[in-house]
1. Pop the C-beta distance of Asn74 and Glu104 into the FRET formula with R0 = 30 Å and round what comes out to the nearest 0.05.
2. What value, in deg cm²/dmol to 500, does the helix sum -39500 (n - 2.57) over DSSP H runs of n ≥ 4 give at 222 nm once divided by the residues of the chain?
3. Sequence neighbours fewer than 8 away in the same chain don't count; with that in mind, list the lysines whose C-alpha is under 27 Å from Lys59.
4. Give me the accessible area per residue for region 1-145, probe 1.4 Å, as a whole number in Å².
5. At a probe radius of 1.4 Å, what is the per-residue accessible area of Leu6, in Å² to the nearest 10?
6. Just subtract the alpha-carbon distance of Gln36 and Gln15 from 0.36 nm times their residue separation and send over the number in nm, one decimal.
7. Please state the charge dipole magnitude for region 81-146, taken about the Cα centre, from unit charges on C-beta atoms (+1 on K and R, -1 on D and E), reported in debye and rounded to the nearest 20.
8. So which of Lys119/Lys177; Lys139/Lys185; Lys106/Lys129 end up more than 21 Å apart, counting from Cα to Cα?
Amino acid sequence: ISGAFLARGSVNDPQTSKYHFEITLDDPKNALFVQQIMNNFDFNAKIIKRRNRIVVYLKDAEKIVDMIRFMGANNQAFHYEDIRIERDFNNSINRIINCEVANEQKTLSAAKEQIKYIKYLEYNYPLEKIDPKILTVMKVRLDNPEASLVELIEILRDEYGQAISKPGLSHRFAKIKELAVEQNKNRGN
């Protein structure tokens, strides 16, 4: 396997998103022989035909590292694995950051909509008719336009002594929206 790889093999850069180890052969019998040897050691090698040549290949990153070790190139296997692990780690961090940014954008978008309904009610609805608990939620949202529901719950608990769950707070915001929409319909706008 090492000789075939040195003569006709390649491994892609582990910085890329797709891992690939291959040995290109001209003779299908030789390709089957190389595949059989690799698979005798549980590498799960595959064969494809590419431009009048037969390619025996591996796509699983861990199998590629094992194959590099199998061929006796331990330092290269460590180097390949270090780069791959670092790349995967950085990708995981990026996914987490992207998720957090998306969640923050959703929070700000929801808060903006909630504030729109609250302000509509402040100018167009008799506030004395609104439940005091809902009025408190309206005030807390206006005072904390960038806060998430969890942060609003903490403020309600710490500053107003009101214990409320996330679904309970969402229900109050739904009630605010409902009141605003209803008032808007009644006004004929």
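The values are calculated or read from the model by the stated rules, or taken from the named source; none is laboratory data. The structure displayed is predicted, hence computed values, not measured ones. Glycine gets a Cβ as well: all are built from the backbone with ideal geometry, and neighbour counts include every protein chain shown. Accessible surface is based on the protein model in full, side chains and every heavy atom, while ligands, DNA and RNA are left aside. Shrake-Rupley method; radii C 1.70, N 1.55, O 1.52, S 1.80 Å.
1. Working: r = 45 Å, r/R0 = 1.49.
It comes to 0.10.
2. My calculation for the chain gives -23000 deg cm²/dmol from helical runs alone.
3. Cα-Cα hits under 27 Å: Lys18, Lys29, Lys46, Lys49.
4. Numbers: 9420 Å² over 145 residues.
Accessible surface, normalised per residue, equals 65 Å².
5. 150 Å²
6. Taking Gln36 through Gln15 to full extension adds about 4.7 nm, to one decimal.
7. Once rounded to the nearest 20, the dipole reads 420 debye.
8. From the list (Lys119/Lys177; Lys139/Lys185; Lys106/Lys129), the Cα-Cα distance tops 21 Å for Lys139/Lys185; Lys106/Lys129.
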